[in-house]
1. How would segment 120-160 be classified by its alpha-carbon gyration tensor: rounded, prolate or oblate, with rounded meaning a/c under 1.5 and the a/b versus b/c comparison settling the rest?
2. Hey, any idea what the orientation-averaged projected area of the convex hull of segment 62-123's Cα atoms comes to, in nm²?
3. Quickly rank 105-118, 154-167 as a protection proxy: mean count of other C-beta atoms within 10 Å, highest first.
4. State the volume of the convex hull built on the alpha-carbon positions of segment 42-178, expressed per residue in Å³ and rounded to an integer.
Amino acid sequence: SENIWHAGDLVRSGTRERIHGEADARRRLNGDGRFWLPDRYRTIPCMEDLALQFVSGLLKAMFLFLLASGLSLIFGVSRVLNITHGAFYALGAYLLLTASRTGALGIGGFAATVIAAGLVIGALGAVFEVLILRRVYRAGMLFVALVTFGAILLIEEAIKIVWTGEMLAVPRPAGLDG
């Protein structure tokens, strides 16, 4: 059978078999039409690699569990599918960043700033609930989810406008730099 090569794909004539990727681009066909893979690609994964894959999958599963349980808890208690919590948390973190840039905070000042940022974001969340969400409750859960998703986009863009899109870090308090 004739072998046709083009643009990193290997297509064997008469079949619909396509090969993609760097390892697959190195494959060759034997004379009998079977794929041949060089020995360096025929390695058996070691236990370290398997453990790393297992732990990585477990961490991703735990993250998804936390996300799902948090949403189900919020929906179960308030009967509202409010998905803006992460955006409000990020906004609180940026408020903490702004306060920490005004001067060096000690441990007490840092703790007070964390509490103050939490209270400010809690008040902002309450205002969002009263002024926006209560008006759309009657429209149904899908509309509430759409409004909260729109709020996420607005908060994220406001954060990018005010604090830029670069990764920033809060400096450690003076008593915790050890």
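Computed from the coordinates by the stated procedures, all read-outs in this text should not be read as laboratory data. Predicted, not measured: the structure shown is a model, and the values here were computed from it. As a convention, Cβ positions derive from the backbone with ideal geometry for all residues, glycine included, and neighbour counts pool all protein chains shown.
1. Taking the square roots of the gyration eigenvalues as a ≥ b ≥ c, segment 120-160 is oblate.
2. Mean projected area for segment 62-123: 5.3 nm², to one decimal.
3. 105-118, 154-167
4. Here the figure is 193 Å³ per residue.
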